[in-house]
Every structure is written in C-alpha cells, then in structure tokens.
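Shown next, in structure tokens, is the structure this report addresses.
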Amino acid sequence: MNPLLSTLQPYPFERLKQLFASVTPNPAYRAISLGIGEPKHATPAFIETAMLGGIKGLSGYPATGGEPALRTAMAQWVQRRYGLALDPATQVLPVNGSREALFAFAQTVIDPTQPGARPAPGRPKAGGTPSGGSDAHEVASVGAPVVVCPNPFYQIYEGAALLAGATPYYAPSDPARNFAVDWDSVPAEVWARTQLLFVCSPGNPTGAVMPLSEWQKLFDLSDRYGFVIASDECYSEIYFRDEPPLGGLEAAAKLGRSDFKNLIAFTSLSKRSNVPGLRSGFVMGDAALIKPFLLYRTYHGSAMGPVVQSASIAAWNDEAHVVDNRALYRSKFAEVTPILAEVMDVALPDAGFYLWAAVPEAFNGSDTAFSRELLALYNVVVLPGSYLARNAQGFNPGAGRIRMALVAETAECVEAARRIVQFIQSNVH
Ligand SMILES: Cc1ncc(COP(=O)(O)O)c(C=O)c1O
C-alpha cells in the first residue's frame with residue numbers, strides 16, 4: 001500500500017459523526033442541519049434538459065481537453081465575468097469539479113524529490129533563494145517540499161499535498177483583519193521550500209475575499225521563490241457586496257501579469273448553478289501549467305463525459321439563473337445573520353454561503369461542546385471550527401468558532417437561527 005495514505009486526516013464529517021455518536025437529539029424538534037456545505041437550491045431545469053444534447057456522444061470516448069464548444073463557453077464566461085480574453089485552446093481546461101482538480105493539480109506540480117521550486121523550462125528563477133540548487137546533500141538536509149495553505153481550510157488541499165509527498169504548512173487566518181490569512185507569519189525558510197500555495201477566495205469557511213494588495217504580496221513571493229499559486233474560487237458567484245469578488249487572474253491582469261505566470265484558478269458550477277452532482281468546473285491561467293496538467297489528466301483518465309459537457313455549456317452560457325441564485329442567498333443571509341448577531345459574534349461575510357461565528361463565552365470557547373449541546377437540546381447540526389483547521393504554530397485558528405452552512409430553505413435557516421438564540425440565551429448564567 002502507498003504509505004502516504006496513512007498520513008491522511010479523518011474528514012471533518014467523520015469527526016462530527018464521532019462527536020455526535022453518544023448524543024440523542026431532542027425529539028421535540030425536527031432535525032435541521034447547517035453542517036454540510038452542499039448547495040440545496042433547485043437545479044435550473046434548462047441545465048437538466050441540456051444534458052440530453054450530449055447523449056449522442058456516449059458512443060465515443062471524450063477528449064480530456066473537452067470539446068472546443070465547452071472551452072469556448074468557459075473562456076467567454078471569463079471574458080464576461082472578469083473582462084479577460086483567454087485562449088480557449090491553451091489557457092482553460094475542463095475538470096470534473098474543482099475538488100478533483102485541486103487534488104490532481106498538486107500531483108502534477110509537486111516534485112517530491114526536492115524542496116523549493118525549480119524554475120519551469122525557459123524561465124529563470126527570480127530572486128536569490130536558498131533552495132533549488134543542484135546539490136542533493138544540501139537539498140536533503142533542508143527537507144521535503146512544502147505546500148502552504150490557509151488555516152482553516154478545505155481539507156482537500158492537505159490531502160493533495162500529503163499524497164504528493166509534500167509537507168503542508170498552515171498559515172492562520174486573522175479574525176482581527178476580516179479573517180485575512182497572515183501570510184507575513186510564514187517564515188522565509190518555509191517559503192524557500194514551498195512549491196505550491198493554495199489560496200481560497202472567497203474563503204471556506206471564513207467567506208473572506210482577498211483584495212488586490214494581498215494578491216500583490218503573493219505574486220511577489222511567488223516571483224521570489226518560484227512557487228505556483230492554486231487559487232480556489234468555487235464560491236466566487238455567491239457574494240453580498242456590490243462588487244463581485246476579485247478573481248486571481250483578474251488580480252494578475254490588473255498588476256500587469258498578463259501571462260498569469262505560475263497562477264492557476266479553479267472554478268466550478270457546483271455552487272454557481274446548484275449542480276454539485278454534475279461534477280463540472282474548469283481551471284484557467286498560466287498556459288505553461290495547463291499543458292502539463294492536461295498531460296497528467298490524460299493518464300489519470302479524467303475526461304469529462306459528453307452529457308456533462310453539454311449541460312456545462314448551457315450553464316456557463318447563462319447568467320440569469322446565477323443572479324436569481326445569488327438573490328436567494330442574499331435575502332436568506334439578510335434574514336438569518338441579524339438574528340444570530342444578537343447573541344454571538346457573527347457578521348455578514350464578503351461571499352460564500354457560510355456564517356463563521358464565535359462561540360459565546362458561556363461555553364468556555366469550546367466549539368465541540370457547543371455543537372454537541374446544541375444538537376442534544378435543539379436538534380440543530382453545526383460544524384465545530386476546530387475540525388476545519390489544524391493546530392499549528394501553537395494554536396488552532398478554528399477553535400472557538402462554528403461554521404453554519406446556510407444552504408437549506410430560508411424558513412429552515414431562520415428556524416435554526418431562532419433555536420440557536422434560545423440555546424445561547426438559556427446558557428447565559
Ligand atoms: C473551498 C472549496 N473548494 C472546492 C470545493 C469542491 O467543489 P466542487 O468539486 O463541487 O467544485 C468545495 C466544496 O465544498 C469547497 O468548499
């Protein structure tokens with residue numbers, strides 16, 4: 001067996017199952033789950049119908065690169081959304097949801113035989129870095145390659161890093177700065193060993209969107225140390241401010257990086273179009289990274305089926321359903337957030353469909369105790385924040401918080417919020 005499999009951590013929902021194993025939820029209340037971050041709004045009928053258009057294609061193998069019509073639809077969406085003209089042939093690639101792509105991308109990019117980044121062919125390495133030399137002894141003494149990711153984070157980043165033979169480094173999010181990740185806390189010797197950086201904007205679970213200044217910082221670091229940036233943007237279309245979230249490629253273009261050097265963004269239809277079961281998304285960015293990723297995917301056998309391609313073309317080409325979907329989330333968050341803000345430290349996020357709330361003091365900061373008691377007394381499931389983060393540099397930045405996914409109907413989310421208010425008020429001594 002691959003020994004790296006044993007380094008994988010239990011998924012947050014496995015831990016939740018264990019936490020709740022001995023809890024009997026109060027039968028006086030109907031069960032409500034704010035636990036799993038899975039879209040629950042209805043799938044638009046036109047997307048279902050569009051699947052039929054691909055049925056004829058079932059008699060042949062699909063190309064890993066996807067049909068030109070799909071790549072064109074994706075590039076045209078990028079043009080409308082971000083004002084960027086991408087080459088559909090070289091700068092976009094369909095994937096079967098962003099989850100598999102985030103994982104597969106790490107397997108493509110990471111070189112487990114050396115720490116730090118090696119310049120891509122034809123690209124001189126910028127800045128004087130302590131790593132990347134050809135001296136094997138020096139390399140071995142420095143250790144394994146590093147993948148930097150936010151903390152808390154989407155667990156696939158960690159699993160992707162571990163199975164690629166890299167060591168994850170967790171950079172904490174800072175509640176005092178709208179949960180921005182504290183990239184400055186990452187030591188230079190860690191950056192020097194870094195081959196891949198995951199960023200998540202809008203963030204899961206924090207909902208924070210990275211501003212241009214933060215992108216500038218990360219691009220500077222990437223230029224200096226040569227690592228690749230994987231930008232997970234699967235919540236980009238669910239936002240609560242006037243401005244849509246800044247995309248990674250958009251940020252790069254604004255900063256004059258028109259070749260998107262060392263940058264790949266991951267996007268998905270799952271949340272945008274309420275089709276998590278479709279398994280459809282795409283990656284975009286640096287053509288010098290898309291090419292080897294396509295090669296990897298060809299061997300991995302991760303071509304998108306024609307039925308999914310057909311539905312995806314229809315979904316990317318339509319924006320009206322996305323506007324409606326966003327409006328549903330906006331009115332839901334506008335109702336639920338103030339109810340909860342009466343009793344706990346919680347605010348409307350920039351984007352995404354989570355509330356990331358602090359556990360009130362009466363619970364001694366224990367997100368797990370809060371979650372267990374809430375289920376026992378009020379039959380509401382929330383996810384303890386510590387399960388979404390790792391203990392790193394001496395603390396777990398998810399501890400003392402809970403994540404609430406507002407994916408159910410508004411009435412159900414409001415009902416859950418009212419029960420949480422009752423629960424907290426009855427615990428204030
Ligand atoms: C931060 C983040 N990235 C990626 C994904 C994967 O989404 P999908 O594979 O459906 O595109 C999720 C799903 O919940 C997520 O929360």
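The phi-based Karplus calculation (6.51 cos²θ - 1.76 cosθ + 1.60; θ = phi - 60°) puts the 3J(HN,Hα) values of the stretch 286-302 at 4, 4, 5, 9, 4, 4, x, 5, 5, 4, 4, 5, 4, 6, 6, x, 10 Hz, whole numbers, x for Gly and Pro. Average projection, convex hull of the Cα set of the stretch 268-379: 11.1 square nanometres. When Tyr154, Tyr387, Tyr11 are sorted by how many other C-beta atoms sit within 10 angstrom of their C-beta, beginning with the fewest, the order is Tyr11, Tyr154, Tyr387.
Per-residue 3J(HN,Hα) values for the stretch 152-159, derived from phi via the Karplus relation 6.51 cos²θ - 1.76 cosθ + 1.60 with θ = phi - 60°, read x, 7, 7, 4, 4, 4, 5, x Hz in sequence order (x marks Gly and Pro). Pairs of alpha carbons in the stretch 338-429 separated by more than 23 Å make up 18% of all such pairs.
Any idea which of Gly226, Leu5, Ser258 is furthest toward the positive side of the dipole for the chain, if Lys and Arg beta-carbons carry +1 and Asp and Glu beta-carbons -1? Value: Leu5.
Neighbour counting of Cβ atoms within 10 Å sorts the residues Arg418, Arg71, fewest neighbours leading, into Arg418, Arg71.
Our coupling estimate for the stretch 64-80, obtained by passing each phi through the Karplus curve with A = 6.51, B = -1.76, C = 1.60 and θ = phi - 60°, is 4, x, x, 5, x, 5, 5, 5, 5, 4, 5, 5, 5, 5, 4, 4, 5 Hz, Gly and Pro reported as x. Overall, the chain carries a charge dipole of about 560 debye about its Cα centre when +1 sits on the Cβ of Lys and Arg and -1 on the Cβ of Asp and Glu, all other atoms neutral. With all projection directions averaged, the alpha carbon convex hull of the stretch 388-429 covers 4.2 nm². Positive end of the dipole of the chain (Cβ unit charges, origin at the Cα centre): among Ala347, Ala164, Ala31, the Cα lying farthest that way belongs to Ala164. Each of Phe179, Phe282, Phe103 was scored by other Cβ atoms within 10 Å of its Cβ. Listed from fewest to most, they are Phe103, Phe179, Phe282. Note on Leu348 and Tyr296: their simple-model spin labels are 3.9 nm apart, each label 7 Å out from Cα toward Cβ. Applying the criteria of a DSSP loop state and at most 15 other Cβ atoms within 10 Å to the GluC sites (Glu not before Pro) of the stretch 312-407 yields Glu319, Glu342. Based on DSSP, what percent of beta bridges with both residues in the stretch 141-186 are antiparallel, to the nearest 5? Taking every DSSP beta bridge within the stretch 141-186, about 25 percent pair in antiparallel fashion.
In a simple Cβ point-charge model (Lys, Arg +1; Asp, Glu -1; nothing else charged), the stretch 222-294 has a dipole of about 160 debye relative to its Cα centre. When only alpha carbons of the stretch 203-334 are considered, Rg and Dmax amount to 16.2, 46 Å.
Beta bridges from DSSP with both residues in the chain: antiparallel share about 50 percent, rounded to the nearest 5. How charged is the neighbourhood of Pro172? Take every other residue with its Cβ under 15 Å from the Cβ of Pro172, and add Lys/Arg as +1 and Asp/Glu as -1. Residues close to Pro172 contribute a combined charge of -2. The alpha-carbon positions of the chain define a convex hull whose volume is 155 Å³ per residue.
The trypsin sites (Lys or Arg not before Pro) found in the stretch 227-273 that occupy coil by DSSP, while having at most 16 further C-beta atoms within 10 Å, are Arg241.
Only lysine pairs 8 or more places apart, or on different chains, with alpha-carbon atoms under 30 angstrom apart are counted in the chain, and they number 22. Think of the chain as a dipole: +1 on every Lys or Arg Cβ, -1 on every Asp or Glu Cβ, centred on the Cα centre; then among Ala104, Gly116, Ser273, Ala104 lies furthest on the positive end. Here the Kirkwood formula, the inverse mean of 1/r across different C-alpha pairs, assigns the stretch 340-394 a hydrodynamic radius of 12.5 Å.
Histogrammed with a bin width of 10 Å, the alpha carbon distances of the stretch 1-85 distribute as 10, 20, 22, 27, 18, 3 percent, first bin at zero. Proximity of backbone amide H atoms, modeled 1.01 Å from N, is registered between Asn151 and Ala171, Ser173 at under 5 Å, excluding neighbours fewer than 5 places apart on the same chain.
In the stretch 161-269 the Cα-Cα distances spread across 5 Å bins starting at 0 as 2, 11, 22, 25, 22, 13, 4, 1, 0 percent of all pairs.
Throughout, read-outs are computed from the coordinates displayed, never taken from laboratory work. Worth saying up front: this structure is predicted, and the values here are computed from it rather than measured. Here Cβ is always computed from backbone atoms with ideal geometry, including for glycine, and neighbour counts include all displayed protein chains.
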